[in-house]
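Q: The structure that follows is given in the form of structure tokens.
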Amino acid sequence: MNERLSRPLIIVAAFAASLAIGLALTLWLLGGPRAVTAASAIGGPFQLVDQAGQVVTDKNLQGKPTIIFFGFTHCPDVCPTALFEMSEILRAMGDDAKRVNAYFVSVDPERDTPAAMKDYLSSFDANLKGLTGSPEAVAEIVSAYRVYAKKVPLKDGDYTMDHTSLIYLMDRDGKFVAPFNIKRRPEEAASDLKRYL
Ligand code: NI
């Protein structure tokens, strides 16, 4: 190849290489912060009240591991089963149950007043806190925790709620760890939870 042809080729190759490096850098810069956001995407500020009327906010997640479940007191099966299993885990934790937060957050604030939550939770472990609030306050936590919750009308004019039935595990810093598996022996789940104390 003669020199007159090869020089422009080298320039083109150098230009292409710089473009590729620039593109890789851009992707890395874009992807980096996005990956961090994805890891911390579950959780965020909230302010609700428990069944005793006490204010509970995201600040209460500091210093204790937390398991959070979203549901509603009129739920026919999924919620009572999950709350029963969570109760069994808390019982298996013994005195350490006081060192974790166990929250049942209502996705149906219209019906789930603190009084309704108190009545409903009397059937479950005393360490379980039922959180509710104004529709706006509930919408905020539902969105922060990426929870799916949708009102579904029933034939009789009543309604039910379709909702996420995952249990979220948050660490002592209030950061999302992973979904928490309650479909196992309570002792096994309890010792898993104790690792985050
Ligand atoms: Ni439910």
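The values are calculated or read from the model by the stated rules, or taken from the named source; none is laboratory data. Because the structure is a prediction, the values reported are computed rather than measured. Cβ: placed from backbone, ideal geometry, glycine included. Neighbour counts: every protein chain shown. The protein model used for the area step is the full one, side chains on, heavy atoms only, and it has no ligands, DNA or RNA in it. Shrake-Rupley method; radii C 1.70, N 1.55, O 1.52, S 1.80 Å.
Q: Taking only protein heavy atoms into account and a 1.4 Å probe, give the accessible area per residue of segment 47-194 in Å².
A: I get 49 Å² per residue for this part.
Q: Considering amide H positions built from the backbone, and no H for Pro or chain starts, which residues 5 or more places from GLY43, or on another chain, come under 5 Å of its amide H?
A: TYR145, ARG146
Q: For segment 105-163, which GluC sites (Glu not before Pro) are both in a DSSP coil and crowded by at most 14 other Cβ atoms within 10 Å?
A: Details: sites: GLU110, GLU136, GLU140; in loops: GLU110.
Here the sparse-neighbourhood loop sites are GLU110.
Q: How large is ³J(HN,Hα), in whole Hz, for each residue of segment 114-124 in order, when computed from phi with the Karplus curve 6.51 cos²θ - 1.76 cosθ + 1.60 and θ = phi - 60°, using x for Gly and Pro?
A: x, 5, 5, 5, 4, 4, 5, 6, 5, 7, 10
Q: A further question follows. Which pairs, out of LYS118/LYS183; LYS98/LYS151; LYS59/LYS129; LYS151/LYS175; LYS98/LYS194; LYS151/LYS183, put more than 23 Å between their alpha-carbon atoms?
A: Working: LYS118/LYS183 25 Å; LYS98/LYS151 34 Å; LYS59/LYS129 15 Å; LYS151/LYS175 29 Å; LYS98/LYS194 11 Å; LYS151/LYS183 26 Å.
Violating the 23 Å limit, Cα to Cα: LYS118/LYS183; LYS98/LYS151; LYS151/LYS175; LYS151/LYS183.
Q: Label-point separation (nm) for ARG184 and ASP96, each offset 7 Å from Cα along Cα-to-Cβ?
A: 1.3 nm
Q: Output ³J(HN,Hα) for segment 138-149: one whole-Hz value per residue in order, computed from phi by the Karplus curve 6.51 cos²θ - 1.76 cosθ + 1.60 with θ = phi - 60°, and x for Gly and Pro.
A: Values, residue by residue: 5, 4, 5, 6, 4, 6, 4, 9, 6, 8, 8, 8 Hz.
Q: What residues have an amide H closer than 5 Å to that of ASN101, excluding those fewer than 5 places away on the same chain, when H is modeled at 1.01 Å from N in the peptide plane?
A: Long-range HN contacts for ASN101: THR66, ILE67.
Q: Take the alpha carbon gyration tensor of segment 47-194, find the square roots of its eigenvalues, order them as a ≥ b ≥ c, and report rounded if a/c is under 1.5; if not, report prolate when a/b exceeds b/c, else oblate.
A: prolate
Q: Skipping prolines and chain starts, which residues have an amide H placed within reach, meaning under 5 Å, of the one on VAL56, given they are 5 or more residues away or on another chain?
A: Sorted by chain and number, the residues that satisfy this are LEU48, VAL49, ASP50.
Q: Leaving ligands and nucleic acids out of the surface, order ASP192, ASP156 by accessible area at 1.4 Å, largest first. Provide the component values of the computation, followed by the final result.
A: Values: ASP192 30, ASP156 120 Å².
Heavy-atom accessible area, descending, gives ASP156, ASP192.
Q: Could you go through segment 189-197 in sequence order and give the Karplus-derived ³J(HN,Hα) for each residue, using 6.51 cos²θ - 1.76 cosθ + 1.60 with θ = phi - 60°, rounded to whole Hz, and x for Gly and Pro?
A: With coefficients 6.51, -1.76 and 1.60, one gets 5, 5, 6, 5, 5, 4, 5, 9, 5 Hz.
Q: Give me the percent of the accessible area of segment 95-151 that comes from carbon and sulfur atoms, probe 1.4 Å, all protein chains in place.
A: Its accessible area is 51 percent carbon and sulfur atoms.
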